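The values are calculated or read from the model by the stated rules, or taken from the named source; none is laboratory data. Given the structure is predicted, the values throughout are model-derived calculations rather than measurements. Heads up, the Cβs are rebuilt from the backbone with ideal geometry, glycines too, and the neighbour counts pull from every protein chain shown. What goes into the accessible areas is simple: the full protein's heavy atoms, side chains included, and nothing from ligands, DNA or RNA. Shrake-Rupley method; radii C 1.70, N 1.55, O 1.52, S 1.80 Å.
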Amino acid sequence: MIIIRAFSVVLAACFLLPAGVFADDTKDKLSAFQKQQLETQQKLQHWKLRETQKQQQKQLKEKQVQAQSQAVQQSSVAVRLQVINRTGAPVNVFWVSFDGNLRSFGTIPPGNRPFVQETFAGHTWVFKTGRLLIRDFTTNSQPVQQLVLGAP
């Protein structure tokens, strides 16, 4: 009997309490759950973005290693570069070093006499008159390469 009365009192209290008390509690729990779910989604998106960035960096490094490997392979192929200066003015010859600096290799006088340079495939040469760039040229793997500067 005491149990039935206690149960009746609890039921009566539930019916007499304002309906908003239970609704507010449910809303708070739902809001907390949604907030947690949103945080979890944001963490997942952040993790996916980081993984994508790591993968892109790895691919970039692989491409750089491959390019360096090809450059080393090319630079081991000896070639002959012949340059004829038909510009009518002396032309300064520069080799672009591996650190990007220009190294002077002299001057080509105008005329039909070729300037011959033993070099390697993949090397870049720059030709200038004063400060004016006439042409740059990167050698390939052909054994003999000829370049004519100015009118043919």
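Tell me, what ³J(HN,Hα) does each residue in the stretch 76-91 have, in order and in whole Hz, if you take phi through Karplus 6.51 cos²θ - 1.76 cosθ + 1.60 with θ = phi - 60° and put x for Gly and Pro?
Here the 3J(HN,Hα) series is 8, 9, 6, 9, 10, 10, 10, 10, 10, 9, 10, 7, x, 9, x, 10 Hz.
Residues with beta-carbon under 12 Å from that of I108, excluding I108: net charge, scoring Lys, Arg +1 and Asp, Glu -1?
Numbers: positive: R86, R113, K128, R135; negative: none.
So the environment of I108 carries a net charge of +4.
In nm, to one decimal, how far is the modelled label at D25 from the one at R80, with both set 7 Å along Cα→Cβ?
For D25 paired with R80, the spin-label model returns 9.7 nm.
Compute the distance in nm between two label points, each set 7 Å from the Cα along the Cα-to-Cβ direction, one at F33 and one at E62.
About 4.3 nm, to one decimal.
Return the lysines within reach of K29: Cα separation strictly under 30 angstrom, same-chain partners fewer than 8 residues apart disregarded; answer none if there are no such residues.
Reachable lysines: K43, K48.
Once amide H atoms are built 1.01 Å from N in the peptide plane, which residues 5 or more positions from V77, or in another chain, come under 5 Å H to H?
Residues meeting the criterion, in which the H sits 1.01 Å from N, are A121.
Ignoring ligands, DNA and RNA, what percent of the accessible area of the stretch 103-152 is carbon or sulfur (1.4 Å)? Can you show the working numbers first?
On the way: 1710 of 3230 Å².
Reported share for carbon and sulfur atoms: 53 percent.
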